[in-house]
Amino acid sequence: MDLRKFTLICALGLVTAGCASVDNQEAAAADDPLEPMNRTFFDFNQRLDRHAILPAATFYNDNVPAPARHGVHNFLTNLSGPVDFANEILEAHFRKASQVAARFVLNSTFGVAGIFDVASGAGLPAHDCDFGETLGTYGVPQGPYLVAPILGPTAVRDVSGNVVDGFFSPLYYLHLHYTGGQYVGLAQAAATGLDTRAVNISTYNDIQRASVDFYATVRGLYRQRRDAQVADSPAKVELPDF
């Protein structure tokens, strides 16, 4: 998420803060003071998903061979290597940081820009670490829950974390030094969203079918997932990240 997106979310929050109510005890307990706004954006995202994102993800799964989809997934995952490395260092996880660095170099070279995940076979597991998680390890709470248009569930801490992570991404420097570099970042974001949705079609449907209040369920799962990541333990449920 770049600074413009961060500013937009903050502005929307300030505009609606005066209208939001914390009378609802459940919302207050979940630290969701902007629930009316969040539900509006959540409904918008749901409609967008039904009419555009889900059909695109289904078409992608049905028409692109699995090896090609895996290659795209590996390539996108590999791009986050520098972000993961920087945050492992900031969390003083030096052994993990060395694994992340070795994995990134190995997959970027012998794995042909990360298309092939040769590092896992070499005993270098993937690590996923972001600055929002890093802030959490230093005791910074998640803060109020937010739902951003298109981007989906987040929290104040994670919004700021995403801004910092952007400076660690190799695409940031491409944007700085090459004309049109920003379009590469947009293409990466679109490809990542499509890949994530395609991978999580069944999981997302199962969660939705089992939910009485889908908004509250997603909010709870997001909170649990982020707490588990900060605690460096696997989340019980992997919430689709879109």
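Quick one: GLY121 ticks every box in (1) modelled with pLDDT of 95 or more; (2) more than 30 Å from ARG50 (Cα to Cα); (3) not hydroxyl-bearing (Ser, Thr, Tyr) bar one, so which box is it?
Among (1) modelled with pLDDT of 95 or more; (2) more than 30 Å from ARG50 (Cα to Cα); (3) not hydroxyl-bearing (Ser, Thr, Tyr), the lone unmet condition for GLY121 is (1).
Give me the residue from the stretch 48-71 that is aliphatic (A, V, I, L, M) and crowded, with 18+ Cβ neighbours inside 10 Å and, out of that set, farthest from VAL112 (Cα to Cα). I'd like the intermediate steps shown before the answer.
Kept after step one, since they are aliphatic (A, V, I, L, M), are these residues of the stretch 48-71: 48, 52-54, 56-57, 64, 66, 68.
Keeping just the survivors that are crowded, with 18+ Cβ neighbours inside 10 Å gives 53, 57.
Numbers: ILE53: 29, ALA57: 25 Å.
Of everything passing the filter in the stretch 48-71, ILE53 is farthest from VAL112 (Cα to Cα).
Have a look at ALA126, ALA97, ALA119, ALA101 and point out the one that is crowded, with 17+ Cβ neighbours inside 10 Å, over 27 Å from ARG157 (Cα atoms) and touching a residue at least 12 places away in the same chain (Cβ under 8 Å). Even if it seems obvious, please write down each step before you answer.
Numbers: ALA126 fails: over 27 Å from ARG157 (Cα atoms); ALA97 fails: over 27 Å from ARG157 (Cα atoms); ALA101 fails: over 27 Å from ARG157 (Cα atoms).
Residue meeting the stated conditions: ALA119.
How many residues are without any contact (Cβ under 8 Å) to a residue 40 or more places away in the chain and either of a type in the set (Gly, Ala, Ser) or under 18 Å from PHE214 (Cβ atoms) (or both) when one looks only at the stretch 47-81?
7
Looking at the stretch 217-235, which of its residues are surrounded by fewer than 17 Cβ atoms within 10 Å (Cβ to Cβ) and among the aliphatic types (A, V, I, L, M)?
If the condition is that a residue be surrounded by fewer than 17 Cβ atoms within 10 Å (Cβ to Cβ) and among the aliphatic types (A, V, I, L, M), then ALA228, ALA231, ALA235 are the ones that fit.
Conditions tested, residue by residue: (1) part of a loop (DSSP other than H, G, I, E, B); (2) touching a Leu at 6+ places or on another chain (Cβ under 8 Å).
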{"residue": "LEU106", "(1), (2)": "no, yes"}
{"residue": "LEU124", "(1), (2)": "yes, yes"}
{"residue": "ASP128", "(1), (2)": "yes, no"}
{"residue": "THR134", "(1), (2)": "no, yes"}
{"residue": "LEU146", "(1), (2)": "no, yes"}
{"residue": "ASN162", "(1), (2)": "no, no"}
{"residue": "LEU174", "(1), (2)": "no, no"}
{"residue": "ALA187", "(1), (2)": "no, no"}
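For the subset of the stretch 40-94 comprising residues that are aliphatic (A, V, I, L, M) and in a loop (DSSP other than H, G, I, E, B), which member is farthest from LEU186 (Cα to Cα)? Give the derivation first.
From the stretch 40-94, those aliphatic (A, V, I, L, M) are 48, 52-54, 56-57, 64, 66, 68, 72, 76, 79, 83, 86, 89-90, 92; that's our starting set.
The next check asks that each one be in a loop (DSSP other than H, G, I, E, B); those that pass are 64, 92.
Working: VAL64: 21, ALA92: 31 Å.
Within the stretch 40-94, the match that is farthest from LEU186 (Cα to Cα) is ALA92.
Filter the stretch 163-214 for residues that are polar (S, T, N, Q) and at pLDDT below 80 and give the result.
Taking the stretch 163-214 first, the residues polar (S, T, N, Q) are 169, 179, 182, 188, 192, 196, 200, 202-203, 205, 208, 211.
The answer is THR179, GLN182.
Only one of ASN45, ASN38, ASN87 is closer than 30 Å to VAL118 by Cα and modelled with pLDDT of 95 or more. Can you tell me which?
Numbers: ASN45 fails: closer than 30 Å to VAL118 by Cα; ASN38 fails: closer than 30 Å to VAL118 by Cα.
Just one listed residue meets the conditions, ASN87.
The values are calculated or read from the model by the stated rules, or taken from the named source; none is laboratory data. Please read these numbers as outputs of a predicted model, since none were measured by experiment. Glycine also receives a Cβ, built like all others from the backbone with ideal geometry; neighbour counts cover every protein chain displayed.
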